[in-house]
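The structure under discussion appears below in the form of structure tokens.
The values are calculated or read from the model by the stated rules, or taken from the named source; none is laboratory data. For clarity, every value in this text was computed on a predicted model and none was experimentally measured. Here the Cβ positions follow ideal geometry from the backbone for every residue, glycine too, while neighbour counts run over all protein chains shown. Surface areas here come from the heavy atoms of the whole protein model, side chains and all, with no ligands, DNA or RNA. Shrake-Rupley method; radii C 1.70, N 1.55, O 1.52, S 1.80 Å.
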Amino acid sequence: MSQAQAENVIRNIICELVQRCASHGHEVSETLAAFMIKAVVLDPKNGFDVDCTLTSHDVQKLTEICLQRLTERCPFLDTVKMQVYFDLNYTTRREFVTEIHHVVESKLSPLSREITDSRVKTRDQVETLYHKITHYMLLRSGMASPSDTDALHQTTAALQSVFPQTELGSFMALLKRDKEQQLKDLSMLVTGIRLFNHFSMAQDQVELNIQDLVPEVLREVLPVSRTALEQELEECERLVWRYTCALEAFTEPGTATPAESGVSMELLRQALYNVRQHQAFLNMLMADVGASVQRVELLQSELTAQLQVLRDTVQSKRAVPAAQVFPMFRSVSRLWSGLQDEAELLHIFRNLALSLRPFVSSQAQIFSESSIDSLLQESEIKSDAERKRLCEEKPIDPAEVSGPDTEWLVPEQPNDTELQNVQYSGFCGHALVSRDGLLLPGNPQLGLLKYKEKLYVFSSKDSALQFASAPEHYISEVAERAKRSPELIQLLCLHRQFSCVTPYTELQSGEHLLVRPITRSSSGTQTDTHPVESYIDRAYEWNEWALRRKALKLADILSKQTHSTQTNLSHFKRDNCTQTYLHKDAVGQTTQDGESNVPRPLVYLSGLRGQRGGHMVRVDLTRALDE
């Protein structure tokens, strides 16, 4: 089966699961259905092999198991739903702020479009347009509602001081893009002027208080958000400690088994994982709320200081140049916008915390307060901090931990960076394996085990030594435990160990394959010998007299009446051709005297042109052979 065919099969299973769950009265998203399919296939007890092609029987079996797990009421399903919901709705502060600004712009875009697209011709239309601009300034500042008459008058007065109605002609002559930019700039100036007026009145002790400079929504949300989150986190931690103590009591050797007590060990583990995941998400939101509170205090102090500087600048002069005070007004407006962003962030974090409550309801229905008390009996409930204090043993000697790729680190005070890089979200991997899925927080004060560039933390010294003796065994056992309890993949951050399980935020609509192959590629990088280009000017001349000679030469050339000039830089532009004749191959032969040669006969005749009646004489001049 090809990858496209396998993807089509899985997509069909997802659609069928969503429809069948809806018919049973359960609303299930495609992301949740896709994760459940992967979780069922990973579980060894279901008998699926991810490397083999799914038959029709396997597809039917997979669908039925997923349908059963998606429609049952159990803490496991609530935990997975909570993970899906949180990962799809929680993001970074920067992205939250970007989304807040996008929402504000979308609300103001209709009014902004009306202003920039207006074509005024009459006086009434000019006044209507100016009134719309005033409303835009008031809405963008977020300081009051347009129905507030006093706020509308204050905004109009501030706008007239920087943008009188007579300037509308030049405003209408601008391009649409420039109009939008000028509206934003004017809104910052108007907001800064109004804030300065409020501050001045508060300093003069007229009607307002300095606290009125804080946005109204921030004054309502700020004191409530942190307190409410702290109370909810305390309640969640109390449940975590109770479930941990109950599960710890059942996993102690020599104690009664869960079956004898009439308790399902599986449901107890699921309940513990459920509240642990809820605690982790609340801690994240609590950290964000704490950061927002600190930023609000910083912005308030900066806003007060900037307004004080602006007041000192303005009150000492009758007329202040716009170039001097306008940047201050813009700075004040930016600080005010920052306070409004923090108010919206606190509102978002509060809503996220409230939205997580339904996902912990099933464990509360299965295990009531009285049932947990009966499980605890006389067991002492210990918090995570108390567990760390009780196991404050002597730090492990690095010599006790010996093995390949193993190193024991004993930091005096573990920093946040080291603790963030700890595997299993800071839980003890040995306790998870040896105590039948029990989640115990590790104690960094005992030390950190570094194995293959990864850090591990443990709940006790014995757990650390046993884990260090066979790390690969415990790592594989933790992975097997996560296959049987898929909610641990997210809770313990095990996505890297499971290539077929991707984080919910990375799942796309068409990406629901059971197995997501790990792509690897070899790459190389080569750097230049001189990555920075040299700045050598080849035409530079330091000698003044050489420059003078060159100038005289150029001046002399200008006085010549030449029709064309051939230079070293332009000679290659002319087409040249040359014809040559190749040398011919030639040989020469000379005579050579040898011993076999005989003298050449030579005869001389005399008297051929002599006198009449003379006679001819023949003389033999041939050389003798013996010569």
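Miscellaneous remarks
- Put simply, when 551-561, 473-483, 143-153 are sorted by average Cβ atoms within 10 angstrom per residue, most first, you get 473-483, 143-153, 551-561.
- Förster-model FRET efficiency, 51 Å R0, Glu180 and Ser379, C-beta, rounded to 0.05: 0.15
- Pairs of Cα atoms in segment 345-405 fall into 10 Å distance bins, from 0 up to the last occupied one, in shares of 15, 19, 27, 20, 19, 0 percent.
- Global geometry of segment 112-156, whether rounded, prolate or oblate, following the gyration tensor of its Cα atoms and the 1.5 cut on a/c: oblate
- Amide H contacts of Phe427 (H built 1.01 Å from N, in plane; Pro and chain starts excluded): Gly442 sit under 5 Å, all sequence-distant by 5 or more or on other chains.
- Proximal charge balance of Phe96 [Cβ under 14 Å; K/R count +1, D/E count -1]: -2
- Counting 0.36 nm for each residue step from Ser145 to Ser23 and taking away their Cα separation leaves a gain of 39.3 nm.
- With each label modelled as a point 7 angstrom along the Cα→C-beta vector, the Lys454-Leu88 pair spans 2.9 nm.
- Estimated FRET transfer efficiency (Glu627, Leu605; beta-carbon r; R0 22 Å; 0.05): 0.45
- Our coupling estimate for segment 161-175, obtained by passing each phi through the Karplus curve with A = 6.51, B = -1.76, C = 1.60 and θ = phi - 60°, is 6, 10, 8, x, 5, 5, 7, 5, x, 5, 5, 5, 7, 7, 6 Hz, Gly and Pro reported as x.
- Applying a threshold of 20 Å to the alpha-carbon distances of Lys388/Lys483; Lys45/Lys452; Lys81/Lys454; Lys121/Lys179; Lys38/Lys61; Lys388/Lys461 flags Lys388/Lys483; Lys45/Lys452; Lys81/Lys454 as lying beyond it.
- Here the Karplus relation 6.51 cos²θ - 1.76 cosθ + 1.60, evaluated at θ = phi - 60°, turns the backbone of segment 296-308 into coupling constants of 4, 4, 5, 5, 5, 5, 5, 5, 5, 5, 5, 5, 5 Hz, with x for every Gly and Pro.
- Dividing the convex hull volume of the alpha carbon atoms of segment 304-356 by its residue count gives 62 Å³ per residue.
- The 3J(HN,Hα) values that the Karplus relation (6.51, -1.76, 1.60; θ = phi - 60°) gives for segment 122-132 are, in residue order, 9, 5, 5, 5, 5, 5, 5, 5, 5, 5, 5 Hz. Gly and Pro appear as x.
- Bridging of Lys184 to lysines at a Cα separation below 24 Å is possible for Lys107, Lys132, Lys176, once same-chain residues fewer than 8 apart are set aside.
- Distance in nm between pseudo-label sites at Val598 and Lys107 (7 Å out along the Cβ direction from Cα): 13.7 nm
- Sparse-neighbourhood loop sites, trypsin sites (Lys or Arg not before Pro) in segment 276-322 - DSSP loop, at most 15 other Cβ within 10 angstrom: Lys317, Arg318
- For segment 35-110, the set of GluC sites (Glu not before Pro) satisfying both a DSSP loop assignment and a count of at most 13 other C-beta atoms within 10 Å is given as Glu72.
- Taking the 1.4 Å solvent-accessible surface of segment 218-373 as the whole, the part contributed by carbon and sulfur is 55%.
- Positive minus negative residues near Phe367 (Lys, Arg vs Asp, Glu; Cβ under 14 Å): 0
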